[in-house]
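Chemist: Provided herewith is a single structure, encoded as structure tokens, for subsequent inquiry.
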Amino acid sequence: MKIRNLAGISLIALLVAAMSGCMGRLQSETIIIPDTETEVASAPANAPFEVKTIYRLPSVDSENNEGYVWVGPESLVVSLWNKSPEQLLGRVGYPYDKLMKLPSPGPDISIDGFSPDGRYMAGFARGESGFQIKLLTLSDGQEQVIDTITTSKFLLGSSVWSPNGRFVSYLLGDAGIKETRISVYDVNKKIGKSYTIPGSKEKMNLSSAILADDGKSALIVKETYEGWGFQLGTWQGSEFSTEYEHSLSADIQVAWLNNDQIAFVGTDRTLFLYDRRNKMISVLREQVVGFQLSSDRQYMAFSTNEDKIYVSKLQGNNLLNEKMVYQGVVSSRMSWSPDNGKLLVQGRKPYSRASQAAEAAPAVISNSPFIIEFQ
């Protein structure tokens with residue numbers, strides 16, 4: 001293996017004034033940071049990203065926020081739980097100061113996540129012969145059963161979508177067999193397949209399986225006695241065949257750049273790029289906590305252990321024109337709008353520190369999710 005260090009990464013619903021349970025007592029506001037539009041972070045005139053406005057999303061009283069997902073360049077949906085517990089759906093659009101209630105998926109369905117393109121919701125519900133894995137179309141709420149989990153089987157972790165939203169995958173355990181299985185459903189062809197993972201019950205816990213855009217390869221995220229890691233591999237008949245493995249940081253950051261390349265954060269907080277075509281691993285940047293690729297995989301947002309968020313152009317094996325766009329938040333999740341014009345950030349304030357780097361940038365004032373809009 002070669003190593004090289006590279007420089008510089010509808011449903012339409014009635015708007016309600018208040019929502020029962022988790023959407024009650026909304027404190028809606030739009031916050032622009034800093035106080036005037038002219039006081040945004042200074043940067044060279046040729047910088048590819050400039051912060052225009054920062055919007056604070058409406059505060060929500062929720063027992064569990066499943067996360068926002070973009071369903072257009074200016075609109076997001078979110079899945080929430082109240083104290084009943086009852087799962088509700090909400091929608092927020094520009095200027096991100098009001099939360100609209102969407103029709104509930106129903107008390108018998110638990111939403112497990114949204115597709116990256118915002119077209120579908122994956123969920124599960126109890127059926128006559130076991131649990132059913134369902135897809136719900138976000139535009140009209142139509143349901144489709146893609147699998148039934150019998151009593152001898154059990155789900156491991158959550159369902160995961162391929163970056164292009166074509167494939168949804170989930171891991172299944174079975175009391176009658178030794179190996180864990182990967183179940184894969186092709187949304188376009190409406191076909192499901194299943195593959196075994198040899199040796200998957202030997203001193204490891206499998207967390208998720210992330211398929212590539214072409215559906216021919218997968219990243220298996222696992223936890224062993226040594227910590228977190230992943231296996232990159234392909235299908236060999238009805239089995240998953242591993243071709244590359246590496247350890248991961250505790251934040252478990254790994255993603256497909258394309259069908260042949262992946263990016264991941266190692267245990268030492270180094271952001272790597274691995275190319276399976278030449279088996280080369282490259283260093284994109286050091287001291288990275290988490291990252292998020294844009295939907296077209298041309299740009300990358302990443303956070304550092306200095307509580308800063310940067311954006312950069314991803315070109316080849318290099319991160320170009322790195323630009324700090326926010327300071328003072330530990331990001332747990334980031335998401336680009338489809339047009340790359342906005343970045344959703346979910347995270348928390350860092351612990352107090354004796355000193356902060358004297359670098360001009362908007363400062364965090366709340367733990368609620370916010371959107372960075374670029375010039």
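The values are calculated or read from the model by the stated rules, or taken from the named source; none is laboratory data. Note that the coordinates shown come from a computational prediction; the quantities given were computed from them, not determined experimentally. Positions of Cβ are generated from backbone atoms using ideal geometry, with glycine treated the same way; all protein chains shown enter the neighbour counts. Protein only, heavy atoms only, side chains kept; ligands, DNA and RNA dropped before computing areas. Shrake-Rupley method; radii C 1.70, N 1.55, O 1.52, S 1.80 Å.
Chemist: Averaging over all projection directions, find the projected area of the Cα convex hull of segment 86-237 and quote it in nm² with one decimal place.
Modeler: 11.0
Chemist: Leaving out ligands, DNA and RNA, and with a 1.4 Å probe, what % of the accessible surface on segment 178-297 is carbon or sulfur? Could the numbers behind the result be given before it?
Modeler: Numbers: 2280 of 5320 Å².
Exposed carbon and sulfur together represent 43 percent of the surface.
Chemist: Separate question: Based on the Cα coordinates of segment 184-335, what is the per residue volume of their convex hull in Å³? Don't skip to the end; give the middle numbers.
Modeler: Details: hull volume 18.1 nm³, N = 152.
Taking only Cα atoms, segment 184-335 has a hull volume of 119 Å³ per residue.
Chemist: What number of lysine-lysine pairs in segment 173-297 show an alpha-carbon separation below 17 angstrom, given a sequence spacing of 8 or more or placement on distinct chains? Intermediate values should be presented prior to the final figure.
Modeler: Working: Lys178/Lys201; Lys178/Lys203; Lys178/Lys222; Lys189/Lys216; Lys190/Lys216; Lys193/Lys216; Lys201/Lys222; Lys203/Lys222.
The number of close lysine pairs in segment 173-297 is 8.
Chemist: Give the accessible area for Glu223 in Å² (nearest 10); use a 1.4 Å probe, count only protein heavy atoms, and leave out ligands, DNA and RNA.
Modeler: Taking all protein chains as shown, Glu223 has close to 70 Å².
Chemist: Hey, another quick one. Does a label point 7 Å from the Cα of Asp296, set along Cα-to-beta-carbon, have any residues of segment 330-351 with amide nitrogen under 17 Å, and which are they?
Modeler: 336-343
Chemist: Computed FRET efficiency, Cβ-Cβ of Ser194 and Gln315, R0 41 Å: what is it to the nearest 0.05?
Modeler: Numbers: r = 38 Å, r/R0 = 0.93.
Efficiency, rounded to the nearest 0.05: 0.60.
Chemist: Per residue, how much accessible area does segment 126-193 have with a 1.4 Å probe, in Å²? Don't skip to the end; give the middle numbers.
Modeler: Working: 3510 Å² over 68 residues.
Per residue, segment 126-193 has 52 Å² of solvent-accessible surface.
Chemist: Further question: Okay, which of segment 84-112 sit inside 17 Å, backbone N to the point 7 Å along the Cα-Cβ direction of Thr137?
Modeler: So the set is 103, 105.
Chemist: Starting from the Cα of Glu306, step 7 Å along the direction of its Cβ; do the same at Tyr244; then give the gap between the two resulting points in nm.
Modeler: 2.9
Chemist: Continuing with this model, one more query. Could you calculate the contour length gain from Asp186 to Asp213, that is, 0.36 nm times the residue separation minus the distance between their Cα atoms, to one decimal place in nm? Don't skip to the answer; put the middle values down first.
Modeler: Numbers: separation 27, 0.36 × 27 = 9.72 nm, distance 1.07 nm.
The span from Asp186 to Asp213 would gain 8.6 nm if fully extended.
Chemist: Then there is this: Using a 1.4 Å probe, what is the accessible area per residue for segment 225-280, in Å²? Walk me through the intermediate numbers first.
Modeler: Numbers: 2550 Å² over 56 residues.
On a per-residue basis, 46 Å².
Chemist: Another question about this same structure. Hey, with R₀ at 51 Å, roughly what FRET efficiency would Asp339 and Lys178 work out to, going by the Cβ-Cβ distance, to 0.05?
Modeler: On the way: r = 47 Å, r/R0 = 0.92.
Approximately 0.60, to the nearest 0.05.
Chemist: Once the whole set of protein chains is in place, how much accessible area is left on Leu156, using a 1.4 Å probe, in Å² to the nearest 10?
Modeler: About 40 Å², rounded to the nearest 10.
Chemist: Express in Å², to the nearest 10, the accessible area of Tyr310 obtained by rolling a 1.4 Å probe over the protein heavy atoms while all chains stay in place.
Modeler: Estimated to the nearest 10 Å², Tyr310 gives 20 Å².
Chemist: Given a 1.4 Å probe and heavy atoms of the protein chains only, how would you sort Phe302, Phe272, Phe154, largest accessible area at the top?
Modeler: Working: Phe302 0, Phe272 30, Phe154 90 Å².
These residues rank, largest area first, as Phe154, Phe272, Phe302.
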